[in-house]
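> The structure under discussion is supplied below as C-alpha cells; questions concerning it will follow.
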Amino acid sequence: MIILHTARLRLEPITTQHLDGLHEMDRLPEVMRYISGEPASLEQTKAWVARVQRCWAAWGTSWWAFIDPASGRVAGAGCIQHGRTTPNLPDDLQTLRTNPLEIGWRLHPDFWGKGLATEAALRMAAFAFDDLAAPELIANRDPNNKASERVMQRLGMHYRGMEPWYGVPCATHVLSRKAWLLGAGAASASQITPANSGS
Ligand SMILES: CC(C)(COP(=O)(O)OP(=O)(O)OC[C@H]1O[C@@H](n2cnc3c(N)ncnc32)[C@H](O)[C@@H]1OP(=O)(O)O)[C@@H](O)C(=O)NCCC(=O)NCCS
C-alpha cells in the first residue's frame, strides 16, 4: 500500500472501501462530462474499482482516492498509470508496461477551485519520477477540458498535440524528467508551486 500525503490530502490506493465515496463523485454529470461523457452507474464504478485493483497488483501504481482528512470524505481521485491506445484494459497488463506513464485527476465539485488537484498532482508526479524513475509523464484530456488543461500547465507540462489514446483523439501534454527536476515542483511536491514554464 503506497499512501501519499500532501499538506491537505491523504492519497490512498483505491480499494472497495472507497467505492461509495468514489461513486458520489462519478455519478455526477459535471465530473464525467469530459471523461466518459455520462454519469457512472454504481455497477460501472464497482467495475472501475476492480480494474484499478488489478493495475495496482500488476504495476505497483494506479489510482489513489484523495481523502480529506478533516471530514474523511473522498475529495477526488488521481493516477499514475500506464497509458494505452485501446478503450479496454487487456487481460495481460504486463503488455502495457512499456507504455508511458500517465498522470490523471478528478475532484468532487465540492472540492473544485481550492488548488487540490494541482496539490495532489505534484505529489503523484514526485512519486512517478522519484519512486518509479519515470523518464517522462504524459497527461491526456478532451480538447475542450480547460480546467484540466490549467492543472497540466500548473504542473509544468507542455502541449504535445492531438494523439490517439483510449481509442479517442486526446490533447496530450508531456512533462520530461529533466523539466521536472529543473522545475519548482520537484523541490516542493506538497505545495502549490508553479513549475518551470519554459519546459
Ligand atoms: C480538472 C479539475 C480536477 C480541476 O480542478 P480545479 O479545482 O480547477 O483545479 P485545482 O485543484 O488545481 O485548483 C485550481 C483552482 O483553484 C483556485 N485556488 C483557490 N485556492 C487555491 C490555492 N490555495 N492554491 C491554488 N489554487 C487555488 C485557483 O485559482 C484555480 O482556479 P482557476 O483555474 O479558476 O484559476 C476539476 O475541474 C474536475 O474534477 N473536473 C471534472 C473531472 C475532469 O475533467 N478531470 C480531468 C480529466 S482529463
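The values are calculated or read from the model by the stated rules, or taken from the named source; none is laboratory data. All values reported here derive from a predicted model rather than from experimental measurement. For neighbour counting, all protein chains shown are included, and Cβ atoms are generated from backbone atoms with ideal geometry for every residue, glycine included.
> If you scan the range 120-152, which residues turn out to be part of a helix (DSSP H, G or I) and within 7 Å of the ligand (Cβ to nearest atom)?
Matches in the range 120-152: ALA147, SER148, ARG150, VAL151.
Per-residue answers, yes or no, for (1) loosely packed, with under 13 Cβ neighbours inside 10 Å; (2) over 17 Å from ILE2 (Cα atoms):
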position: VAL52; (1), (2): no, no
position: TRP56; (1), (2): no, no
position: GLY60; (1), (2): yes, no
position: ALA75; (1), (2): no, yes
position: ILE80; (1), (2): no, no
position: GLY83; (1), (2): no, yes
position: PRO87; (1), (2): yes, yes
position: PRO90; (1), (2): yes, yes
position: LEU93; (1), (2): no, yes
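> Kindly list, by first and then second residue, each pair from a residue in the range 85-114 that is modelled with pLDDT of 95 or more to a residue that is in a strand (DSSP E or B) and of a type in the set (Lys, Arg), limited to pairs with Cβ atoms under 9 Å and residues at least 6 apart or on different chains.
Every condition considered, the pairs that remain are GLY104/ARG141.
> While we're looking at this one, here's another question. Name the pairs: first residue in the range 133-152 and over 20 Å from GLN81 (Cβ atoms) and without any contact (Cβ under 8 Å) to a residue 40 or more places away in the chain, second residue more than 6 Å from the ligand (Cβ to nearest atom) and aliphatic (A, V, I, L, M), Cβ to Cβ under 6 Å, at least 6 apart or on different chains?
Short answer, once both residue conditions are applied: PRO143/ALA171.
> Within the group SER199, SER176, which residue is surrounded by fewer than 21 Cβ atoms within 10 Å (Cβ to Cβ), touching a Ser or Thr at 6+ places or on another chain (Cβ under 8 Å) and at pLDDT 95 or above?
From the options SER199, SER176, the qualifying one is SER176.
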